[in-house]
Amino acid sequence: MTPLTSTDFPGCLAAVIFCQGCPWQCGYCHNPHLIAPRTEQAVAWRDVAAFLKRRQGLLDAVVFSGGEPTLQAALENAIREVRALGFRIGLHTASPYPERLQTLLPLLDWVGFDVKAPFDRYETTTGVPGSGEKARAGLSLLLESGVTCEVRTTIHPLLHNSEDLIRLADELLEMGVESYALQEFRAQGCADAQLCVPSPPLLNAGLSAEISSRFKYFTLRQA
Ligand code: SF4
């Protein structure tokens, strides 16, 4: 749990709850210790709830992050409990479980949605066949719901090329994405030594401008 952040839910002071476990295995994951389903560093939910009660009136929002929070069977109840305390709810997800995301959408105020690659190239990043279709389904549901969101892609020269990025931007534009962010890979926390070898940047001013022109809001987060 991060008790206070101003960067994980736009415009809100928030606490972030990192949920253990993820069914995908992205090499660039900066929280690889959260991929396994269990950890010895778990914080009991009653302690999280007690902390949030002490922060009522001081924090605006609570963000459920991960790992992949929708892996957690108790997530919906946890969100309901936190909403009842008066907090706005944010979710960071890559949507490996689109049907669970659909159930949660009416309870959410903001979603940070990770898109890994063009949907037919997902397996290169996640290591899991069929992951692109899960992500596409979840993103469609999110966009249909009208919940405010930012779609973001972490890019790495060994996983993406400029054609991928343009093709992905076109796919997102066609789906109705308005707010998009590209995040350059940061080696901090990454457990894949091959990806951590410094490599020339993938983005240049021309490519960045070409991608940004497709979206109403565009953010570039440089390494
Ligand atoms: S989906 Fe997210 S949490 Fe899961 S392995 Fe990939 S980067 Fe890590």
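The values are calculated or read from the model by the stated rules, or taken from the named source; none is laboratory data. These numbers were taken from a predicted model, which means no experiment stands behind them. Note that we place each Cβ from the backbone using ideal geometry, even for glycine, and neighbour counts take in every protein chain shown.
Tabulated data for the structure shown
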{"item": "Residue under evaluation SER95, criteria (1) modelled with pLDDT of 95 or more; (2) at negative phi; (3) within 16 Å of the ligand (Cβ to nearest atom), criterion not met", "result": "(2)"}
{"item": "Search result, residues across region 21-39 that are touching a His at 6+ places or on another chain (Cβ under 9 Å) and either over 20 Å from VAL115 (Cβ atoms) or more than 12 Å from the ligand (Cβ to nearest atom) (or both)", "result": "THR39"}
{"item": "Among the residues listed as LEU195, LEU142, LEU165, LEU158, the single one being closer than 22 Å to ALA209 by Cβ and hydrophobic (A, V, I, L, M, F, W, C)", "result": "LEU165"}
{"item": "Any hit, region 40-63, residues being within 16 Å of the ligand (Cβ to nearest atom) and under 30 Å from PRO198 (Cα atoms)", "result": "no"}
{"item": "Search result, residues across region 110-151 that are charged (D, E, K, R) and free of Cβ contacts under 8 Å to residues at least 60 places away in the same chain", "result": "ASP114, ASP120, ARG121, GLU123, GLU133, LYS134, ARG136, GLU144"}
{"item": "Helices (runs of 4 or more DSSP H) fully within region 1-108 counting 1 or more residues that are over 24 Å from ALA137 (Cα atoms)", "result": "45-54, 75-84"}
{"item": "Which listed residue is in contact with a Pro (Cβ under 7 Å, 6 or more places away or on another chain), hydrophobic (A, V, I, L, M, F, W, C) and touching a residue at least 24 places away in the same chain (Cβ under 8 Å), from ALA191, ALA169", "result": "ALA191"}
{"item": "Failed item in (1) more than 16 Å from the ligand (Cβ to nearest atom); (2) in contact with a strand residue (DSSP E or B) (Cβ under 8 Å, 6 or more places away or on another chain), with ASP120 passing the rest", "result": "(2)"}
{"item": "Region 147-162 - residue that is more than 13 Å from the ligand (Cβ to nearest atom) and in a loop (DSSP other than H, G, I, E, B) and, of those, nearest to VAL63 (Cα to Cα)", "result": "VAL147"}
{"item": "Filtered residue count, region 189-221, keeping only those that are part of a loop (DSSP other than H, G, I, E, B) and more than 17 Å from the chain's Cα centre (by Cα)", "result": "14"}
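Rundown of residues vs (1) touching a residue at least 40 places away in the same chain (Cβ under 8 Å); (2) polar (S, T, N, Q), yes/no style:
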{"residue": "GLN20", "(1), (2)": "yes, yes"}
{"residue": "PRO23", "(1), (2)": "yes, no"}
{"residue": "ASN31", "(1), (2)": "yes, yes"}
{"residue": "ALA36", "(1), (2)": "no, no"}
{"residue": "LYS53", "(1), (2)": "no, no"}
{"residue": "PHE64", "(1), (2)": "yes, no"}
{"residue": "PRO69", "(1), (2)": "yes, no"}
